[in-house]
Amino acid sequence: MPYFSIIIPVYNVAPYLRECLDSVLKQTFTDWEAICVDDGSTDGSGAILDEYAAKDPRFRVIHQENRGVNFARQKALELSSGEWIASIDSDDWVSENFLKHFYDAANEFACDMFWSDYYFVSEEKNLYKAQKCVSNAEKLQIALLDDTLWGANWNKIYSRKFILKHNISFPVSERVYVSEDLCFNMAFLSYRPTVKYVENADYYYRARKGSSLRSAFTVEKFFSGIFVNEFLGRYVISDEASDLLELRKRELKFAAYSSDVIGDQLFKDVYPEVTSLKGMTLPFWHKIFFWLACRGLRSSVIWSLKLIRAIRPKKHE
């Protein structure tokens, strides 16, 4: 049984995948397995995974039809055998001490979950993102919902024993396009684990246009977001977290007013649930356009928004 099982979901990331896998091979702490789930890639990513698995048996590769990142993560989780679960997204990379720093923390403190800082990597520069939060489960749920703590799995490690004890999993009742990792974190924290912040930044998150987080808004993503919010509602453990989740739900449905991929009938179905704009940080013109859209002028509003974005993209996108 390895000390770490590293979950690596893979889908069409061939230009970045070798850098990711090489960073795993360079780890100074070597007691690991990497569970790589190829989620129906069509760009040669699967062949790259097979190449690395042939060279090092610590890489375990599973090929499956494209089902979505939530299914890929869950498949890897089920196949993991390590004492601790770590994650790396296949278009990112880690420093050589990524596992070593978590290993040191896990041996010093008797906790069920650890998290650390990371670097946000863009074309312009690397930004250090500190993730220090109050170390208890209730406060961490609040931090996840107000974006103080990034909801990803990749700057965190989890006790596999704790996961098995409480049967914690990713949402797999339907395809989830984004926030499947937030769902896992909220579920994990709902069982009130002992948690600890590790002040290191060993993870490099690559901000790229083709990632699922930054791809175009669609009806499928809209309904996926609604499903995610309902999933999260099962696991909130404080009134403050519940209030933040309700705001999140209203913000998602509010966003439908300005999207031309959301039809008028669907907008009519969801906007009555946005009973108040209280708590939303919005420009005044957004509020005016929303008011007009709710009164039958949505087509004109969407046309106006497109014009505004074309003229002043940096300010309004």
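The values are calculated or read from the model by the stated rules, or taken from the named source; none is laboratory data. Here the structure is a predicted model, which is why all the values come from computation and not from measurement. In this analysis, Cβ positions are derived from the backbone assuming ideal geometry, glycine residues included, and neighbour counts consider all displayed protein chains. Each accessible area value is taken on the protein alone, full model and side chains, heavy atoms only, with ligands, DNA and RNA left out. Shrake-Rupley method; radii C 1.70, N 1.55, O 1.52, S 1.80 Å.
Quick look at the numbers
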| item | result |
| --- | --- |
| Qualifying position, being closer than 25 Å to Glu78 by Cα and touching a Pro at 6+ places or on another chain (Cβ under 8 Å), among Phe170, Phe227 | Phe227 |
| Candidate set from the stretch 83-103 (those that are surrounded by fewer than 19 Cβ atoms within 10 Å (Cβ to Cβ) and in contact with a strand residue (DSSP E or B) (Cβ under 7 Å, 6 or more places away or on another chain)); member that is nearest to Cys20 (Cα to Cα) | Ser95 |
| Checklist (1) basic (Lys, Arg); (2) surrounded by fewer than 17 Cβ atoms within 10 Å (Cβ to Cβ); (3) within 19 Å of the chain's Cα centre (by Cα) applied to Lys156, failing item | (2) |
| Residue count for the stretch 63-77, restricted to those that are of a type in the set (A, V, I, L, M, F, W, C) and either open to solvent by 30 Å² or more (accessible area, probe 1.4 Å) or on the phi > 0 side of the Ramachandran plot (or both) | 2 |
| Unique residue being open to solvent by less than 70 Å² (accessible area, probe 1.4 Å) and under 16 Å from Ile7 (Cα atoms) when the list is Asp22, Asp43 | Asp22 |
| Lone qualifier among Ile48, Ile35, Ile6 - being of a type in the set (Val, Ile, Thr) and assigned to a helix (DSSP H, G or I) | Ile48 |
| Matching residues, the stretch 13-32, being assigned to a loop (DSSP other than H, G, I, E, B) and either over 21 Å from Phe98 (Cα atoms) or touching a residue at least 24 places away in the same chain (Cβ under 8 Å) (or both) | Val13, Lys26, Gln27, Thr28, Phe29, Asp31 |
| Of residues in the stretch 184-205 being of a type outside the set (Ser, Thr, Tyr) and under 23 Å from Asn97 (Cα atoms), the one most open to solvent (accessible area, probe 1.4 Å) | Glu199 |
